[in-house]
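Novice: The following block contains the structure, expressed as structure tokens.
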Amino acid sequence: MFVVTALADGVIGHALPVSGDQQSVTGGVVVGLVLNLLVVLLLSRPFGVLVRRVRSDMPVGVARNYAGTFAILLVCLGFVGVGLANRSNIEDNHRALRDALVRAQAYIGARAPDPFRRNVGHPDTFTIEAGSVYRTCVPNDAHTRYWCVIVRRDLPFARSVSFDGYESNQVFSTGAD
């Protein structure tokens, strides 16, 4: 049951990340294994005592096994609960990203030089601050230069986009010049 619930935690963590926008199945399995181990170590004895109060005829070891199984099932339910609670944040961030992309494409389509405007349908967006600040770049025809804008969603629509240079998001995200 320990391994099965850890695998389930990995799948649940991937489908419903507990933090951020995404989580790998492997990451979820590792977190599930650690949490399962902790709850078995910390809760199987006290829960076992509760089981023995209800069923005094049950041997102590069997009661602890039932209690440990119950505790690791609680971890699975915890993954589901926290993942569902985080779901609205993920959806809000995706809506904000789509809005920022629309703003950036409109600005680039209206103001960028022609070689960049032709590629407005091939944007590359980097999240600077999820939900509010994004950087979108479009390449020229040869993919040798980029035309980039910063989108600040907290500003009024007309002032929310500004030119930000010619560095690609790949260079921008590493902090290299």
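The values are calculated or read from the model by the stated rules, or taken from the named source; none is laboratory data. On a predicted model such as this, the values are computed, not experimentally measured, just so you know. So basically every Cβ, Gly included, is an ideal-geometry build from the backbone, and we count neighbours across all protein chains shown.
Novice: Answer yes or no: is there a residue in the stretch 4-17 that is touching a residue at least 12 places away in the same chain (Cβ under 8 Å), surrounded by 19 or more Cβ atoms within 10 Å (Cβ to Cβ) and either touching a strand residue (DSSP E or B) at 6+ places or on another chain (Cβ under 6 Å) or outside any helix (DSSP H, G or I) (or both).
Specialist: Scanning the stretch 4-17, I find at least one residue that is touching a residue at least 12 places away in the same chain (Cβ under 8 Å), surrounded by 19 or more Cβ atoms within 10 Å (Cβ to Cβ) and either touching a strand residue (DSSP E or B) at 6+ places or on another chain (Cβ under 6 Å) or outside any helix (DSSP H, G or I) (or both), so the answer is yes.
Novice: Moving to a separate point now. State which residue is surrounded by the fewest Cβ atoms within 10 Å (Cβ to Cβ) when the search covers only the stretch 18-31 and only residues that are at negative phi and outside any helix (DSSP H, G or I).
Specialist: Gln22
Novice: Being loosely packed, with under 13 Cβ neighbours inside 10 Å and part of a helix (DSSP H, G or I) is the filter here; which residues of the stretch 51-64 pass it?
Specialist: Correct list: Arg53, Val54, Val60, Gly61.
Novice: Show the residue pairs meeting these rules: Cβ distance below 8 Å; 6+ apart or different chains; first residue within the stretch 76-92 and in the same structural domain as Val34 (by TED's automatic domain parsing) and in contact (Cβ under 8 Å) with a residue 60 or more places away in the chain; second residue surrounded by fewer than 15 Cβ atoms within 10 Å (Cβ to Cβ) and of a type in the set (S, T, N, Q).
Specialist: Sorted first by the residue in the stretch 76-92, then by its partner, the pairs are Asn86/Ser19.
Novice: What is the one condition in (1) of a type in the set (A, V, I, L, M); (2) touching an Asp or Glu at 6+ places or on another chain (Cβ under 9 Å); (3) closer than 26 Å to Ala130 by Cα that Val80 does not satisfy?
Specialist: (2)
Novice: Before we move on, is Asp124 within 28 Å of the chain's Cα centre (by Cα), charged (D, E, K, R) and surrounded by 13 or more Cβ atoms within 10 Å (Cβ to Cβ)?
Specialist: Yes; evaluated as a whole, the condition is true for this residue.
Novice: Quick one: how many residues across the stretch 96-110 are loosely packed, with under 15 Cβ neighbours inside 10 Å and either among the aliphatic types (A, V, I, L, M) or within 12 Å of Tyr134 (Cα to Cα) (or both)?
Specialist: The qualifying residues number 4.
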